[in-house]
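What follows is a single structure, written as structure tokens, with notes after it.
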Amino acid sequence: MKQFYFDTASTTRISETALSAYNRYSKETYGNPSSLHDTGKAAKEVLETSRATMEALLGSREYNLIFTSGASESNSIVLSSLLWKRRPGAILVSPLEHPSVTGFRTLLKEKGYSWNVCEAPGGLIDPTSIIGSLTSQTQLIVLSAVHNILGTIQPIRSIYQAVKQRYPDIHIHLDATQAPGKTVWDLETFPCDSFALSAHKIHGPKGIGVLAVKKNSTMRSLSSAGGQEQGMRGGTENLPAVAAFSVAIQETLSNQEAILASVRRHRELLDTHLKKIPGLSYLSPVSEHSVPNILTISTPLPSEVFLRIMNDKGFALSASSACSSNTKGKQILDASISGFSDTQRKHAVRISWDRFTSYDEISRLITAVGETIETYGRR
Amino acid sequence: MDKNLYVLRLGEISLKKNNRSVFEQTLKHTLKFKLRPYSTVIRTSKGRMFVEIEEGTPAEKIDEVLSKTFGIVSYSQAVSCEKDLKAVCTMAVRIMSRDLRPSAIRTFKVETVRSDKTFEHLSYDISREVGHAVLEAHPDLTVDVRNPDTVIRVEIRDKAYIIPYEKEGQKGLPVRAGGKAMLMLSGGIDSPVAAWYAAKRGIHLHAVYFHAYPYTSDEAKEKVIALARQLNPYLDGVVLHIIPFTDVQLRIKKVGLEEEQTLLMRAAMVEIANALARANECTALVTGEALSQVASQTLQSLSFTDHISDLLILRPLIGFDKEEIITVAKRIGTFDISILPFEDCCTIFSPRHPLIKPDREVVTRHYREAGLGEAIEEAIRQEEIITF
């Protein structure tokens, strides 16, 4: 059964144009960009053209763009680069970070780093808590530009300015995966020393992403392997994916306003009707501090149950993986994000959509949510 | 050497008087059935069962069956030979050779039972001769009469039997010798253990599982099926009845008082289990309840569910601590399945403050007034049956 897909914050379907670019470059430009023959040179040219296109669109001329397998790998390169340092220092992250970031906690702590987590009440990072947590030992700050569950947009600009004023040498890395297509992307709003993106969140192919690092940075990856991607990420370049990624970036960033207007209209419709449903509450804040197309709600049902009923009704939503009574289970809203009750966390469900979502699909979703709570929810 | 002769010690069965043969026949049929397609010749003699199993039967299969069939105290592979002391010694030497005996065996002693009193040698002499022969042939073995790694048993009956070592059985009484009952099986840790204890006393079990989709996932149902499959070697042909319970539960939620929700739900389950039990000729229910483990297992709550049930409710775990239950669950292999994270998501139905000491007359009246009859009948009509 074809589902109504409301899990675009998790991944999106590839766009026709990105897919045809992928096809075309798979068939026509199959050379190895490192080869010296003409087939290889043609591939090299496509690679560099794609990179230049992306650089222009992202406004990242001051950065080197390194193609990776996705934002998870990009984050990994940044965190593992600390292992080159002679003396361990401190790392500061927000409680909103992805496992590709938090997964380094054990290793880096074992290597002598102190791992600090700032405050983010209601999913919004508090800039004063960042400044308060910094020390002369701090080497790296890792922050999400947009939280993948609540959709909160972080005040990166004020954080960046405040940090750099006191500690200009601290490297600030942004996990910007959820930003393009959900909020206006520009490096004025999201200043940083490096950032990570994934193509599949913006209708590009899976398995390709980018790490952008400021040109003056001394960051080194653990191994330069074959020397590709400026020695930061070895391995023969995934050329068709790179080309398709650049198409996806182009589609997303050159139509930002139109895309945002469309997803905002959907949000308006949702806000109008969902808020009338008794027992349903919003966990995502309603303000200019959050993106329009990620909405996490709490219902009278445990997340898993709600998800299952909606799945049977033909809707793909996102929720914590395990049952409410199972404390071992992972919840989508981590306990370290303050401002939510235990029940809200256990009953949290994320709805996310994109420019391909139709008005009709949103209407059907509203009806289905209402019916589900009416039939199965607590009195 | 006929490889596939097994000697079973029957323990409690052999203490029975007039109906001993009923138990023995039941066990015999069970073993024949479980060991199929391999053919068996089974005979009973003086508290023992001699099972000859067709050549070529995998040893693992035999072990699986004998170690998990109730009614067997211990079992051992035996070899037999003619009633001649020299032949017995030769056989003992052979079976204790390095490549046949379990490698952990370093010390031994010999015990002889001479049931055939006409045999020319005395028990003591037989033991001494056999021990001497084994020691001489295998210098790496030593005799230890106090705490040996193994006791080589020599039995002089119709023939001479040598039993080099014994393995532990499940004890208890053979399944089906003690009647039939309906087990209330959840996906938790307790009910599979209760099933094991009931079956241990010879009860043949049907089981009922209440599936509350979408509140509980289909993985939860698969988990219960997996539990039944894991238990089946012990239960020997369990029949699982899966009852769709959501509508009953929703009805209870709608009409029942919040603090009585769990009790009313338990009552509906007991009523359905009663109906299924009657339809399947079961004369009792079995549950995994342990006294005061949760609110629905207090003396008053249990007394209420008893009040609802026409049939006797057996609660084999009534005096067990959780740790004790877990120990058994681990031994019988149900623990790892029970702790899979697909448990009931019925928090929506569990009251914030459940009644701990319900008045059984009052709650029974509320239960009768809830008007669940139709929903219960419909649930029973939609039962799904899986026979193992």
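Where a number appears in this text, it was derived from the coordinates with a stated rule and is not lab data. Quantities reported herein were computed from a predicted structural model and do not represent experimental measurements. Using ideal geometry, Cβ is built from the backbone for each residue, glycine included, and neighbour counts are taken over all protein chains shown.
Per the helix-only calculation at 222 nm, which mean residue ellipticity applies to chain B, given -39500 (n - 2.57) for every DSSP H run of n ≥ 4 and division by its residues, nearest 500 deg cm²/dmol? Let's see the in-between values first.
Details: 13 runs with 152 residues, N = 388.
That calculation yields -12000 deg cm²/dmol at 222 nm.
If you take the charge dipole of the protein assembly as shown about its Cα centre, with +1 on Lys and Arg Cβ and -1 on Asp and Glu Cβ, which of A:Phe306, A:Gly226, A:Val163 is farthest toward its positive end?
The one lying farthest along the dipole's positive direction is A:Gly226.
Can you compute the charge dipole magnitude of the range B:180-387 about its Cα centre, using +1 on each Lys and Arg Cβ and -1 on each Asp and Glu Cβ, nothing else charged? Give it in debye, rounded to the nearest 20.
Values: 21 positive and 28 negative charges, 72 e Å.
Value, rounded to 20: 340 debye.
Roughly how large, in nm² to one decimal, is the mean projection of the convex hull of the alpha-carbon atoms in the range B:180-387?
Numbers: hull surface 40.6 nm².
With every direction weighted equally, the projected area is 10.2 nm².
By a straight-distance test (C-alpha under 15 Å), which aspartates and glutamates pair with A:Lys276 as possible cross-link partners, with residues fewer than eight away in the same chain excluded?
A:Glu268, A:Glu371, A:Glu374
When we measure straight from the Cα of A:Lys111, which lysines land under 22 angstrom away, once same-chain ones fewer than 8 places off are left out?
A:Lys85
Using a Förster distance of 60 angstrom, determine the FRET efficiency expected from the C-beta separation of B:Arg106 and A:Glu16, and round it to 0.05. The partial results should precede the final answer.
Details: r = 76 Å, r/R0 = 1.26.
For R0 = 60 Å, the calculated efficiency reads 0.20.
When Lys and Arg each count +1 and Asp and Glu each count -1, what net charge do the other residues less than 9 Å away from B:Ile163, Cβ to Cβ, add up to? Mind showing how you got there, number by number?
Values: positive: B:Arg153; negative: B:Glu155, B:Glu166.
Charge balance in the 9 Å sphere: -1.
What's the average, rounded to a whole number, of partner chain beta-carbon atoms within 10 Å of each residue's beta-carbon in A:302-308? It would help to have the intermediate numbers written out before the result.
On the way: counts 5, 1, 7, 10, 2, 2, 7.
Mean partner shielding for this stretch: 5.
In whole Å and largest first, what semi-axes does the C-alpha gyration tensor of the range B:5-170 yield when each eigenvalue is scaled by 5 and square-rooted?
Working: eigenvalues 156, 69, 42 Å².
For the range B:5-170, the ellipsoid semi-axes come out as 28, 19, 14 Å.
Based on the Cβ-Cβ distance of B:Glu136 and B:Val41, what FRET efficiency does E = 1/(1 + (r/R0)^6) give at R0 = 35 Å, to the nearest 0.05?
The computed FRET efficiency comes out at 0.50.
Taking the Cα centre of the range B:5-170 as origin and charging only Cβ (+1 Lys, Arg; -1 Asp, Glu), how large is the dipole, in debye to the nearest 20? Walk me through the numbers on the way to the answer.
Values: 28 positive and 24 negative charges, 139 e Å.
Charge dipole of the range B:5-170: 660 debye, to the nearest 20.
Can you compute the equivalent ellipsoid semi-axes for the range A:16-253, i.e. the square root of 5 times each eigenvalue of the Cα gyration tensor, sorted largest first and rounded to whole Å?
Details: eigenvalues 200, 81, 41 Å².
Largest first, the range A:16-253 gives 32, 20, 14 Å.
Mind putting a number on the dipole of chain A about its Cα centre? Charges go on the C-beta only, +1 for Lys and Arg and -1 for Asp and Glu, and I need it in Debye to the nearest 20. Working shown, then result.
Values: 40 positive and 34 negative charges, 151 e Å.
My answer is approximately 720 debye.
Would you be so kind as to identify all helices of chain B, as entire DSSP H runs, whose Cα atoms reach 20 Å or more along the helix's own axis and whose mean Kyte-Doolittle hydropathy is at least 0.5?
Span-like helices, by this rule, are B:261-279.
Straight-line reach from A:Lys206: which lysines have a Cα under 20 Å away, not including same-chain ones fewer than 8 places off?
Result set, ordered by chain and number: A:Lys27, A:Lys182.
GNM on chain A, C-alpha springs below 10 Å: top fluctuator among A:Phe245, A:Phe195, A:Phe356?
Result for chain A, Cα springs under 10 Å: A:Phe356 fluctuates most.
Distance from the Cα centre of the range B:88-164 to that of the range A:249-307, in angstrom?
81
Taking a 18 Å limit on the Cα-Cα distance, which of the listed pairs B:Lys16/B:Lys167; B:Lys17/B:Lys167; B:Lys223/B:Lys330 fall beyond it?
On the way: B:Lys16/B:Lys167 23 Å; B:Lys17/B:Lys167 26 Å; B:Lys223/B:Lys330 16 Å.
Going by Cα-Cα distance, B:Lys16/B:Lys167; B:Lys17/B:Lys167 fall outside the 18 Å limit.
Between their Cα atoms, which of B:Lys180/B:Lys254; B:Lys200/B:Lys322; B:Lys61/B:Lys322; B:Lys68/B:Lys221; A:Lys275/B:Lys254 are more than 27 Å away from each other? Provide the component values of the computation, followed by the final result.
On the way: B:Lys180/B:Lys254 36 Å; B:Lys200/B:Lys322 20 Å; B:Lys61/B:Lys322 32 Å; B:Lys68/B:Lys221 25 Å; A:Lys275/B:Lys254 24 Å.
Pairs exceeding 27 Å: B:Lys180/B:Lys254; B:Lys61/B:Lys322.
Summing +1 for each Lys or Arg and -1 for each Asp or Glu, what net charge is found among the other residues whose Cβ lies under 12 Å from the Cβ of A:Glu257?
Details: positive: A:Arg264, A:Arg355; negative: none.
Cβ neighbours under 12 Å give a net charge of +2.
Loop only by DSSP, 12 or fewer other Cβ within 10 Å of the Cβ. Give me the trypsin sites (Lys or Arg not before Pro) in the range A:191-235 that pass, ordered by residue number.
Details: sites: A:Lys201, A:Lys206, A:Lys214, A:Lys215, A:Arg220, A:Arg233; in loops: A:Lys206, A:Lys215, A:Arg220, A:Arg233.
Those that pass, being in a loop and sparsely packed, are A:Lys215.
Percent of Cα-Cα pairs more than 38 Å apart in chain B, please. It would help to have the intermediate numbers written out before the result.
On the way: 25891 of 75078 pairs.
I get 34 percent for the Cα pairs in chain B exceeding 38 Å.
Can you give the FRET efficiency for A:Glu48 and B:Val151, using 1/(1 + (r/R0)^6), R0 = 60 Å, r = Cβ-Cβ distance, to the nearest 0.05?
Numbers: r = 83 Å, r/R0 = 1.38.
Step by step, r from the Cβ atoms, then E = 0.15.
Which Cα, out of B:Phe335, B:His307, B:Pro244, lies furthest along the positive dipole direction of the range B:180-387 (beta carbon charges, K/R +1, D/E -1)?
So the residue we want is B:Phe335.
Taking only DSSP H segments of four or more residues, each worth -39500 (n - 2.57), what value at 222 nm results for chain A once the sum is divided by all its residues, to the nearest 500 deg cm²/dmol? Write down the numbers at each step before the final one.
Details: 12 runs with 139 residues, N = 379.
So the calculated ellipticity at 222 nm is -11500 deg cm²/dmol.
Within 13 Å, Cβ to Cβ, of A:Gly339, how many net charges do the neighbouring residues add up to if Lys/Arg are +1 and Asp/Glu are -1? If you can, show how the numbers build up before the last one.
Values: positive: A:Arg345; negative: A:Glu119, A:Asp126, A:Asp334, A:Asp342.
Result for the local shell: -3.
Which three extents, in whole angstrom, do the alpha-carbon atoms of the protein assembly as shown cover along their principal axes, largest first?
Principal extents (largest minus smallest coordinate, Cα): 106, 74, 52 Å.
Return the sequence-ordered ³J(HN,Hα) values of the range A:217-228 in whole Hz as given by the Karplus equation 6.51 cos²θ - 1.76 cosθ + 1.60 applied to θ = phi - 60°, using x for Gly and Pro.
Values per residue, Gly and Pro as x: 6, 9, 4, 10, 7, 4, 9, 8, 6, x, x, 5 Hz.
Using DSSP to call loops (not H, G, I, E or B), can you name the GluC sites (Glu not before Pro) in the range A:16-79 whose Cβ has at most 16 other Cβ atoms within 10 angstrom?
Loop-located and lightly packed - A:Glu62.
Only Cα pairs within less than 10 Å get springs; with that Gaussian network setup on chain B, which residue of B:Val22, B:Val208, B:Val79 has the largest fluctuation?
Top of the fluctuation ranking is B:Val22.
Taking the Cα centre of each part, how many Å lie between the range A:147-212 and the range A:20-94?
Cα centres, the range A:147-212 to the range A:20-94: 16 Å.
Can you divide the C-alpha Rg of the range A:124-279 by 2.2 N^0.38 Å and report the result to two decimal places?
On the way: Rg = 18.3 Å, N = 156, 2.2 N^0.38 = 15.0 Å.
In units of the globular-protein estimate, the range A:124-279 measures up at 1.22.
What is the fewest-to-most order of B:Ile308, B:Ile242 by other Cβ atoms lying within 10 Å of their Cβ?
Details: B:Ile308 22, B:Ile242 19.
Result, fewest neighbours first: B:Ile242, B:Ile308.
Name the residue farthest towards the positive end of the dipole of chain B from the options B:Ala279, B:Val224, B:Cys89, assuming +1 on Cβ of Lys and Arg, -1 on Cβ of Asp and Glu, about the Cα centre.
B:Cys89
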